[in-house]
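The values are calculated or read from the model by the stated rules, or taken from the named source; none is laboratory data. What you see is a predicted model, and the numbers here were worked out from it, not measured in a lab. Positions of Cβ are backbone-derived with ideal geometry, glycine not excepted, and every protein chain shown enters the neighbour counts. Accessible surface is based on the protein model in full, side chains and every heavy atom, while ligands, DNA and RNA are left aside. Shrake-Rupley method; radii C 1.70, N 1.55, O 1.52, S 1.80 Å.
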2 protein chains.
Amino acid sequence: MTYDLWYWDGIPGRGEFVRLALEAGGIPYRERARDPGADESVLINDMQSARKHPPFAPPYLVAGKMTLGQTANILLFLGEKHGLAPESLEGRLWVNQLQLTIADMVAEAHDTHHPISASDYYEDQKEEAARRAKVFREERIPKFLGYFERLLDGPQAWLAGGAKWTYVDLSLYHLVDGLLFAFPKRMATVAAHFPNVFALHERVTALPELQAYFSSGRRLPFGEGIFRQYRELDAA
Amino acid sequence: MTYDLWYWDGIPGRGEFVRLALEAGGIPYRERARDPGADESVLINDMQSARKHPPFAPPYLVAGKMTLGQTANILLFLGEKHGLAPESLEGRLWVNQLQLTIADMVAEAHDTHHPISASDYYEDQKEEAARRAKVFREERIPKFLGYFERLLDGPQAWLAGGAKWTYVDLSLYHLVDGLLFAFPKRMATVAAHFPNVFALHERVTALPELQAYFSSGRRLPFGEGIFRQYRELDAA
């Protein structure tokens, strides 16, 4: 079965967490919203089509008769079905727990540039963004990355502790990648405190299972999504 | 086995979503942070104790040798183990997906009074809170509640569609309860648009499985947590 992944074209966004798992797992999928000639209406029409379990928002995955929404929920399904998570219940719940913690930080990273309203322009909430970004840089980045650092038992470790990566390692990689894009000065300052997190980022960058994807041109660059490069929101 | 639920004393908070499932499911649990004489240090010390899978933040549930964090993850575990979720994989993923959508709205409800920093006083972010709360009242409440309304097939329906409630119905009840506390004027205005959501709230209020809990005095009142009653943040 080939899955249909539905997400906005043009930004990595939350869809990228699912995409990385599909790509690294060698799992066949299509993205019809990114077909040649497709525009936003393709996704909007599909969202509005009648289905048993309508998603609240993209990304969602159509798997045969099932439609699955919420990034962490899609990954929970893929992880168990395709061996991208530990086999034990305890291990799968642990990976899900960490994925939800990553999701919390992703939401906070988004709100650094849109602290008042996701549907208004950044320019209309710049002052509030400056205040929120300062708190994010100084309090939240150390708190979240410090947590993940403590979970990693050395520079060769994966989050679930086994010999092979799980989907949450790919997600932590992408989170760090986004933070490096959005907050390069701050990340340079804190790097020395989180060597295992940064080492994990390097190891996923070099993961054999992802090289075809990385060189395909399909991995979308950061820009207008969750992670944005507003220089005024970054500081050492 | 008696579970240990760990959460801050004094506020319903995210712990209440877990508590409602435990109570309605008739599942034995303790809350050692709410024992007579316990203060905050009891929870802080437990958080800092060495464990295989340390939580990022409360609530967390200790189930024998397992420690489970993240509200939706705890409910995923309890739902499957204690029959508080559908039996099919598709049904369990659907309930998890909806729980995560509720979690998204809960985070946004919190940020109406703390849009800049969770660790600063409300008084230091009142202006930003007023702006964010307006967007929440006018755009986000209709969007989220409209979504849940469309999922409910009439005033007797449960979210997963079966004849019996699942844990996500309890969570939607608590979300609506919190919104009624924090935004009474706005909720009075929108009530007519979401009759099935409000009917579900009424039915959970009257659920036989929860009456002992509701009359026990153990259900903490809203106040200083996620849902707060700042009159200046509400409007019709």
Exercise for the section: Answer yes or no: is there a residue in segment A:193-204 that is modelled with pLDDT of 95 or more and over 21 Å from the mean Cα position of the chain (by Cα). Expected result: yes
Problem - Counted residues, segment B:115-127 - those being open to solvent by 10 Å² or more (accessible area, probe 1.4 Å) and without any contact (Cβ under 8 Å) to a residue 24 or more places away in the chain - result: 7
Problem - Filter result (in a loop (DSSP other than H, G, I, E, B) and either crowded, with 16+ Cβ neighbours inside 10 Å or aliphatic (A, V, I, L, M) (or both)) within segment B:42-58 - result: B:Ala50, B:His53, B:Pro55, B:Phe56, B:Ala57, B:Pro58
Exercise for the section: Pick out the one residue from A:Leu76, A:Leu61, A:Leu22 that is more than 9 Å from chain B (Cβ to nearest Cβ) and either touching a residue at least 60 places away in the same chain (Cβ under 8 Å) or assigned to a helix (DSSP H, G or I) (or both). Expected result: A:Leu22
Completion exercise
Exactly one of B:Leu220, B:Leu159, B:Leu151, B:Leu207 is open to solvent by less than 10 Å² (accessible area, probe 1.4 Å) and under 21 Å from B:Leu75 (Cα atoms), and that residue is B:Leu159
Exercise for the section: Mind listing whichever residues of segment A:176-192 are open to solvent by 40 Å² or more (accessible area, probe 1.4 Å) and within 14 Å of the chain's Cα centre (by Cα)? Expected result: A:Leu180, A:Phe181
Completion exercise
The residue from A:Arg132, A:Arg137 that alone is under 18 Å from B:Glu128 (Cβ atoms) and touching a residue at least 24 places away in the same chain (Cβ under 8 Å) is A:Arg137
Practice task
Determine which single condition B:Tyr173 fails, assuming it passes every other condition in (1) free of Cβ contacts under 8 Å to residues at least 12 places away in the same chain; (2) within 15 Å of the chain's Cα centre (by Cα).
Solution key: (1)
Problem - Residue match in segment A:220-227 (condition: under 25 Å from A:Glu23 (Cβ atoms), in the same structural domain as A:Ser119 (by the TED database) and either in a loop (DSSP other than H, G, I, E, B) or without any contact (Cβ under 8 Å) to a residue 40 or more places away in the chain (or both)) - result: no
Practice task
Go through segment A:1-34 and give me each residue that's hydrophobic (A, V, I, L, M, F, W, C) and either open to solvent by less than 60 Å² (accessible area, probe 1.4 Å) or closer than 16 Å to A:Pro221 by Cβ (or both).
Solution key: A:Leu5, A:Trp6, A:Trp8, A:Ile11, A:Phe17, A:Val18, A:Leu20, A:Ala21, A:Leu22, A:Ala24, A:Ile27, A:Ala33
